[in-house]
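Okay, so here's the structure we're looking at.
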2 protein chains.
Amino acid sequence: MEKKGTLIVVSGFSGVGKGTVVKRLVEDYGYSLSISATTRAPREGEVDGREYYFKTREEFMSLIDYNGLIEWAVYVDNYYGTPRAFVERELAAGHNVILEIEVQGAMNIKSQYPDSVLIFLTAPSAEELKNRLIGRGTEDPAVIEKRMKRAVEESEDMEQYEYIVVNDDLDQCVKDVNSVIVAKSCRLEENKEFMNKMKAELKAL
Amino acid sequence: MEKKGTLIVVSGFSGVGKGTVVKRLVEDYGYSLSISATTRAPREGEVDGREYYFKTREEFMSLIDYNGLIEWAVYVDNYYGTPRAFVERELAAGHNVILEIEVQGAMNIKSQYPDSVLIFLTAPSAEELKNRLIGRGTEDPAVIEKRMKRAVEESEDMEQYEYIVVNDDLDQCVKDVNSVIVAKSCRLEENKEFMNKMKAELKAL
């Protein structure tokens with residue numbers, strides 16, 4: 001069964017471990033990771049083409065003009081976007097492409113790629129999420145307060161997603177996300193071609 | 001997240017290995033196996049309550065009268081049915097219940113349990129299915145002919161199912177069926193209660 005790959009959009013609470021889950025999906029299941037373009041300056045240790053594609057504002061505008069981004073947004077005066085060429089090439093090659101993105105970008109992607117799968121990662125409970133946001137206890141209480149407010153906002157986005165996956169045990173979470181993708185490929189509507197072939201061949205045997 | 005279990009209905013081509021797949025799902029993932037009741041006489045080696053619940057015709061009629069069967073059907077003058085009590089008890093306890101059944105029974109179950117998941121098992125190709133039906137080459141050509149005709153009929157049923165899972169490699173097939181069930185439990189609509197709790201708790205923290 002030769003098939004196009006699936007585009008997987010992963011969002012979730014800040015601090016829930018999205019980056020780690022995505023990394024593991026790439027490592028364990030060979031998903032292709034979509035890397036964002038941004039106009040923000042590289043931080044220490046960041047490598048162009050690994051964390052981000054670092055672009056000048058002019059380059060970024062040009063990408064927008066030439067429809068080179070699936071979606072883009074502005075955060076804190078910097079532009080962030082998803083390059084179209086990589087995603088389309090990988091999907092056409094039958095690879096699953098995964099990208100980590102905010103809710104607005106996720107909605108934009110769904111409207112352009114109705115076959116994409118939107119997954120929201122959550123901690124197993126509010127208490128546990130708070131613990132993760134508090135981190136090692138070295139954070140300023142004002143910072144924690146701000147993070148908790150953000151978590152309340154993020155929780156309003158959950159209903160926009162198709163799947164909710166709990167990141168309690170990392171291994172299990174990675175398996176569960178992969179299960180969502182496997183299940184999609186088993187859906188009846190994804191197998192019409194296979195079924196028709198099977199039926200025709202059985203009659204001909 | 002305490003949840004009701006999922007009712008999983010497995011059908012598929014004769015000779016595709018349904019029984020083995022179901023057995024492995026019970027062993028590997030702890031699914032509860034629903035055992036059918038039947039009026040047919042036990043064959044050698046069959047144990048009451050393991051292969052089937054063996055019933056007299058009178059007992060079977062009584063089960064029907066008292067709504068004790070989810071579905072039932074007649075094959076070659078014998079009655080076969082799915083006892084309701086076991087299925088409901090196991091689902092209520094949060095266990096996934098699996099049963100192997102024909103297409104008509106599967107449709108009956110879906111209408112009574114809209115949350116059930118209908119899975120059709122197939123060989124990877126018509127040729128491979130034929131090879132399995134030919135078996136060890138000891139079969140009467142007329143028997144094989146009959147089986148192939150049946151396979152053509154069975155292929156017409158595929159479209160009635162929600163998921164098509166290929167049994168090529170047994171381990172992979174068992175994993176894929178389980179993925180379908182895991183993915184279902186991650187669907188948004190299965191997590192409304194969890195989300196509402198999460199939202200309320202985050203606001204209260």
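Readers should treat all values here as calculations from the given coordinates under stated rules, not as data from a laboratory. Predicted model only: the values in this text are computed from it and were never measured. Glycine also receives a Cβ, built like all others from the backbone with ideal geometry; neighbour counts cover every protein chain displayed.
Observations, loosely collected:
- Listed residues B:ASN96, B:ASN131, B:ASN178, most fluctuating in chain B (Gaussian network, C-alpha, under 10 Å): B:ASN131
- Checking the Cα-Cα distances for A:LYS110/B:LYS184; A:LYS18/B:LYS3; A:LYS110/A:LYS203; B:LYS110/B:LYS199; A:LYS18/B:LYS203 against a 29 Å cut-off, the pairs over it are A:LYS110/A:LYS203; B:LYS110/B:LYS199.
- Qualifying chymotrypsin sites (Phe, Trp or Tyr not before Pro) in region B:42-114, where qualification requires a DSSP coil assignment and no more than 14 other C-beta atoms within 10 Å, comprise B:TYR66.
- Per-residue shielding of B:173-186, expressed as the average number of other chain Cβ atoms within 10 Å of the residue Cβ, stands at 6.
- Convex hull volume per residue in cubic angstrom - Cα atoms of region B:18-101: 96
- Percent antiparallel among DSSP beta bridges (both partners in the protein assembly as shown, rounded to 5): 30
- Label-point distances for B:GLU159 to the equivalent site in the other copies, using a point 7 angstrom along Cα→C-beta, read 3.6 nm when ranked shortest first.
- Legend: mean number of C-beta atoms from other chains within 10 angstrom of residue C-beta atoms, peptide A:160-167, equals 5.
- Around the Cα centre of region B:34-95, unit charges on the Cβ atoms of Lys, Arg, Asp and Glu (plus for the first two, minus for the last two) sum to a dipole of about 60 debye.
- With the simple spin-label model, which puts each label point 7 Å out from Cα in the Cβ direction, the B:ALA93 to B:VAL76 separation comes to 3.3 nm.
- B:GLU145-B:ASP171 pseudo-label distance in nm [points 7 Å out on the Cα-to-Cβ vector]: 4.1
- Springs join every pair of Cα atoms under 10 Å in this Gaussian network model of chain B, and among B:GLU193, B:GLU88, B:GLU71 the largest mean-square fluctuation is at B:GLU193.
- Given charges at beta-carbon only (K, R positive; D, E negative), |dipole| of chain B in Debye: 520
- Exposed loop sites were defined as trypsin sites (Lys or Arg not before Pro) in DSSP loop states (anything but H, G, I, E or B) carrying at most 13 other C-beta atoms within 10 Å; in chain B the longest segment without such a site runs B:51-135.
- A:GLU127-B:MET61 FRET efficiency (beta carbon distance; Förster radius 60 Å; 0.05 resolution): 0.65
- Within chain A, antiparallel bridges make up roughly 30 percent of the DSSP beta bridges whose residues both belong there.
- Inter-copy label distances at B:ALA204 (7 Å, Cα→Cβ; nm, one decimal): 6.4
- Separation in nanometres of the label points that stand 7 Å from Cα toward Cβ, at A:GLU189 and A:LYS23: 3.6
- Our summary of shape: the Cα atoms of region B:56-177 have principal axis extents of 45, 35, 23 Å, ordered from largest down, in whole angstrom.
- For chain B, the longest principal axis of the C-alpha atoms and the axis of helix B:18-29 are separated by about 30°.
- Calculated [222 nm] ellipticity per residue, helices only, for the protein assembly as shown: -14500 deg cm²/dmol; basis is -39500 (n - 2.57) per DSSP H run with n ≥ 4, divided by all residues, nearest 500.
- With label points defined 7 Å past Cα in the direction of Cβ, position B:LYS146 shows copy-to-copy spacings of 7.7 nm, given to one decimal and shortest first.
- Dipole of chain A, positive direction: furthest Cα of A:GLY137, A:SER36, A:VAL182, with charges on the beta-carbon: A:VAL182
- Dipole moment magnitude, nearest 20 debye, the protein assembly as shown about Cα centre, only Lys, Arg, Asp, Glu C-beta charged: 20
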